[in-house]
Amino acid sequence: MGSFISSSILLLFLLFPTIIQHAKPAMSLPLSTSSRWIVDEEGRRVKLACVNWVSHLEPVVAEGLSKQPMDMIAKRIVTMGFNCVRFTWPLFLITNDSLASLTVRQSFQRLGLLESIAGIQSNNPSIIDVSLIKAYQAVVSSLGKNDVMVILDNHLSKPGWCCSNFDGNGFFGDQYFNPDLWITGLTRMATLFNGVTNVVGMSLRNELRGPKQNVNDWYRYMQKGAEAVHSANPDVLVILSGLSYDSDLSFIQNRPVQLSFSGKLVFEVHWYGFSDGQAWVTGNPNQVCGRVAKDMMRRSGFLVDQGYPLFVSEYGVDQRGTNVNDNRYLNCFLGVAAELDLDWALWTLVGSYYLREGVIGLNEYYGFLNYNWCETRNSSFIERISALQSPFRGPGLSETKLHKVIFHPSTGLCVIRKSFLDPLRLGPCADSESWSYSSDKTLVVKGTYFCLQADESGTLAKLGIFCSDSNSKWEMIADSKMHLSSKLRNGKSICLDVDSSNAIVTNSCKCISKDNTCDPASQWFKLVDSTRSRSEEQSFLHFDSIFDLRGKGFLSNLMVGSI
């Protein structure tokens, strides 16, 4: 018996080498770029996992300060896993003297927002009688005290809701968009926050759009704006948006931006479900995802291959979870964002607005926080994005050798296995198995001989050591490239799926045809490149189970090729 145990333990250490967890290093600011990655001063990847905080509407005060103390909001941002805020501001805040000289109280008084004044007096009394720009600075300072990075986003010129083609804020030369004044404003803002360590980037302009937009003026002014910001504050990342509501950067492919500096340039893009109308409801989700993802790569995603960081500075959904169009889009978006390991900023932190489009106290259903800013609107959404709040790979993050994780966008979880006595299931991506995906389309647990296998439709997926049969080959099929499909020995095609207990099973493939009534979410997976180690210091075999292996047929199962 002792000999059996010793041999088993030796076999297990050979097949399943222990993975050592490395302590997560603290980032060292300022940030810069290294090829397609954003890195700290030590050259380590820093992934921007941001949330948008709105401060560009008519009051020109960060939303929510009548509901909660700013420090409590900052702390909540941290507890929700975000490391960064994209903090919006209107150009006139820094260029219009009559606006800039207003105190917070005066700004709300002129709009008749007396209830908001009382709320700020109660929750944030220190800012009620300071100027609007000092109130903006105070929020940045509060975020800094809580180790939250800030990207200053010039959202528009005239305070108000954004955006339309004809609001006068869309493109250079529009009614409220004087290019020279814009350069002045950027310079002043960059200078004001020079030396403020947690201000790590400046987004030069949000969602350029409208009938005047053209590529030549884009280069002329965006390059000038970038130079002005860098000259005034060489520490910050300079973030450039594209055309057509920040959906199109395709022109960069054949005409690079020409700047006098390097190591600071980042591009940003926006991606929403409603950008494609109701296509996610009226079309087949596989086909829509394939088309939209391909279009995104053509219009902006190519930049990562050209060696530029790409920041999805706005994406988001109705947090109530009842919008089918948003729900289907989100599954596709999260799959692409994980595969490319993109930096991003969720729209939005805001639970409600002081005043939006003439409505006082408007409820923001895209808001991560609820109406009173005291709780999350949808706690399950945090779980879905948590895996994407940490980098999968990048400079300085080679904790283990490059491998694949099997990511499930619908849940935000990855395929894990607690031990050989437990089935494969979904769990935190920090505990994910490391897989290799070979040229013959075999998925093998890295460092072992065990491959993923299909048995029969409706049964648990399994691991085995005889990996040459068709049921051990897995292809990414459908237009979405998110179905992992295998062929059983009888020739029937099946797909990896998840059952109600989060166990990994195989079933008939969903929604491959043009049917628009079905939802393939449970069968959508992405093979994501990763170099991060598991959170546990041990392999996926728990050693308290070793002594039970003989009685449970471990060796006999090993000999017949499945466990």
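A search for C-beta distances below 9 Å between a residue of segment 328-347 that is farther than 24 Å from Phe87 by Cβ and any residue that is part of a helix (DSSP H, G or I) and of a type in the set (Asp, Glu), counting only pairs 6+ apart in sequence or on different chains, returns Tyr329/Asp276. What residue, of Asn178, Asn194, Asn206, is under 27 Å from the mean Cα position of the chain (by Cα), assigned by the TED database to the domain that holds Ser260 and within 26 Å of Leu132 (Cα to Cα)? So the residue among Asn178, Asn194, Asn206 that is under 27 Å from the mean Cα position of the chain (by Cα), assigned by the TED database to the domain that holds Ser260 and within 26 Å of Leu132 (Cα to Cα) is Asn206.
Taking every residue in segment 493-507 that is at pLDDT 95 or above and open to solvent by less than 50 Å² (accessible area, probe 1.4 Å) and pairing it with any residue that is among the aliphatic types (A, V, I, L, M) and not in a strand (DSSP E or B), at least 6 positions away or on another chain, the pairs with Cβ-Cβ distances below 6 Å are Ile494/Ala454; Ile504/Leu424; Ile504/Ala461; Thr506/Ala454; Thr506/Ala461.
Kindly provide the set of residues from segment 251-274 that are open to solvent by less than 10 Å² (accessible area, probe 1.4 Å) and within 23 Å of Val200 (Cα to Cα), ordered by number. Within segment 251-274, Val266, Phe267, Glu268, Val269 qualify.
Filtering segment 178-224 to residues that are open to solvent by 30 Å² or more (accessible area, probe 1.4 Å) and more than 27 Å from Ser250 (Cβ to Cβ) leaves Asn178, Asp180, Leu181, Thr184, Thr187, Arg188, Thr191, Leu192, Asn194, Gly195, Val196, Thr197.
So for segment 336-344 (the condition being open to solvent by less than 10 Å² (accessible area, probe 1.4 Å) and closer than 19 Å to Val78 by Cβ), does at least one residue qualify? Yes, segment 336-344 has at least one match.
Yes/no per residue for (1) of a type in the set (S, T, N, Q); (2) more than 23 Å from the chain's Cα centre (by Cα); (3) at pLDDT below 95:
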| position | (1), (2), (3) |
| --- | --- |
| Gly43 | no, no, no |
| Ser55 | yes, no, no |
| Val61 | no, yes, no |
| Thr79 | yes, no, no |
| Cys84 | no, no, no |
| Pro90 | no, yes, no |
| Ile94 | no, yes, no |
| Thr103 | yes, yes, no |
| Phe108 | no, yes, no |
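Scanning segment 477-492 for residues being under 15 Å from Cys332 (Cβ atoms) and either in the same structural domain as Val288 (by the TED database) or open to solvent by 50 Å² or more (accessible area, probe 1.4 Å) (or both) gives a total of 2.
Name the residue that is farthest from Leu346 (Cα to Cα), counting only residues in segment 88-123 that are touching a strand residue (DSSP E or B) at 6+ places or on another chain (Cβ under 7 Å) and open to solvent by less than 20 Å² (accessible area, probe 1.4 Å). Here the residue is Leu113.
Entry remark, segment 275-334: residues being surrounded by 23 or more Cβ atoms within 10 Å (Cβ to Cβ), polar (S, T, N, Q) and within 19 Å of Ser250 (Cα to Cα) number 2 in total. Here Gln175 passes the criteria (1) assigned to a helix (DSSP H, G or I); (2) open to solvent by 40 Å² or more (accessible area, probe 1.4 Å); (3) touching a Lys or Arg at 6+ places or on another chain (Cβ under 9 Å) except the one numbered (1). Give me a count of the residues in segment 264-279 that are within 20 Å of the chain's Cα centre (by Cα) and in contact (Cβ under 8 Å) with a residue 40 or more places away in the chain. Result for segment 264-279: 11.
At least 2 residues being of a type in the set (Val, Ile, Thr) and either on the phi < 0 side of the Ramachandran plot or in contact with a strand residue (DSSP E or B) (Cβ under 7 Å, 6 or more places away or on another chain) (or both) is the threshold, and among the helices (runs of 4 or more DSSP H) wholly inside segment 278-355 those reaching it are 279-282, 285-296, 324-340.
Looking across segment 453-476 at every residue that is free of Cβ contacts under 8 Å to residues at least 40 places away in the same chain and buried (at least 17 other Cβ atoms within 10 Å of the Cβ), the one that is farthest from Gly335 (Cα to Cα) is identified as Cys467.
Within segment 133-155, does at least one residue satisfy the condition of being modelled with pLDDT under 95 and hydroxyl-bearing (Ser, Thr, Tyr)? No, there is no match, as no residue in segment 133-155 is modelled with pLDDT under 95 and hydroxyl-bearing (Ser, Thr, Tyr).
Kindly check whether there is at least one residue in segment 58-70 that is among the hydrophobic types (A, V, I, L, M, F, W, C), open to solvent by less than 10 Å² (accessible area, probe 1.4 Å) and either on the phi > 0 side of the Ramachandran plot or not assigned by the TED database to the domain that holds Gly168 (or both). Within segment 58-70, one or more residues are among the hydrophobic types (A, V, I, L, M, F, W, C), open to solvent by less than 10 Å² (accessible area, probe 1.4 Å) and either on the phi > 0 side of the Ramachandran plot or not assigned by the TED database to the domain that holds Gly168 (or both).
Please determine whether any residue of segment 28-41 is at pLDDT below 95, in a loop (DSSP other than H, G, I, E, B), outside the structural domain of Gly185 (by the TED database) and among the small types (Gly, Ala, Ser). Scanning segment 28-41, I find at least one residue that is at pLDDT below 95, in a loop (DSSP other than H, G, I, E, B), outside the structural domain of Gly185 (by the TED database) and among the small types (Gly, Ala, Ser), so the answer is yes.
For Tyr449, the conditions (1) under 18 Å from Phe525 (Cβ atoms); (2) surrounded by fewer than 18 Cβ atoms within 10 Å (Cβ to Cβ) are fulfilled apart from (1). Where strands (runs of 3 or more DSSP E) sit wholly within segment 427-499, those with at least 3 residues that are of a type outside the set (Gly, Ala, Ser) and in contact with a helix residue (DSSP H, G or I) (Cβ under 6 Å, 6 or more places away or on another chain) occupy 493-498.
Counting only residues that are assigned to a loop (DSSP other than H, G, I, E, B) and either crowded, with 16+ Cβ neighbours inside 10 Å or of a type in the set (Val, Ile, Thr) (or both), how many does segment 147-172 have? Final tally of qualifying residues: 13. Figure legend. Inter-residue proximity from segment 219-243: first residues in the same structural domain as Ser260 (by the TED database) and within 17 Å of Pro309 (Cα to Cα), second residues in a helix (DSSP H, G or I) and open to solvent by less than 20 Å² (accessible area, probe 1.4 Å), beta-carbon distance below 6 Å, spacing 6+ or different chains. Indicated pairs: Val238/Ala226; Val238/Val229; Leu240/Met222. In segment 225-250, which residues are outside any helix (DSSP H, G or I) and either in contact with a Gly (Cβ under 7 Å, 6 or more places away or on another chain) or open to solvent by less than 30 Å² (accessible area, probe 1.4 Å) (or both)? Residues satisfying the conditions are Asn233, Val236, Leu237, Val238, Ile239, Leu240, Ser241, Gly242, Leu243, Asp246, Asp248, Leu249. Run Phe420 past the list (1) in contact with a helix residue (DSSP H, G or I) (Cβ under 6 Å, 6 or more places away or on another chain); (2) more than 26 Å from Val304 (Cα to Cα); (3) open to solvent by less than 60 Å² (accessible area, probe 1.4 Å) and report the number of the one that doesn't hold. Only one criterion in (1) in contact with a helix residue (DSSP H, G or I) (Cβ under 6 Å, 6 or more places away or on another chain); (2) more than 26 Å from Val304 (Cα to Cα); (3) open to solvent by less than 60 Å² (accessible area, probe 1.4 Å) is unmet by Phe420, namely (1). Scanning segment 391-409 for residues that are assigned to a loop (DSSP other than H, G, I, E, B) and open to solvent by 40 Å² or more (accessible area, probe 1.4 Å) yields Arg393, Gly396, Ser398, Glu399, Lys401, Leu402.
The values are calculated or read from the model by the stated rules, or taken from the named source; none is laboratory data. Keep in mind that this is a model prediction, so the values were computed, not measured. Here the Cβ is made from the backbone with ideal geometry for all residues, glycine too, and neighbour counts use every protein chain on show. For the accessible areas, the whole protein counts, side chains as well, though only heavy atoms, and no ligand, DNA or RNA atoms are used. Shrake-Rupley method; radii C 1.70, N 1.55, O 1.52, S 1.80 Å.
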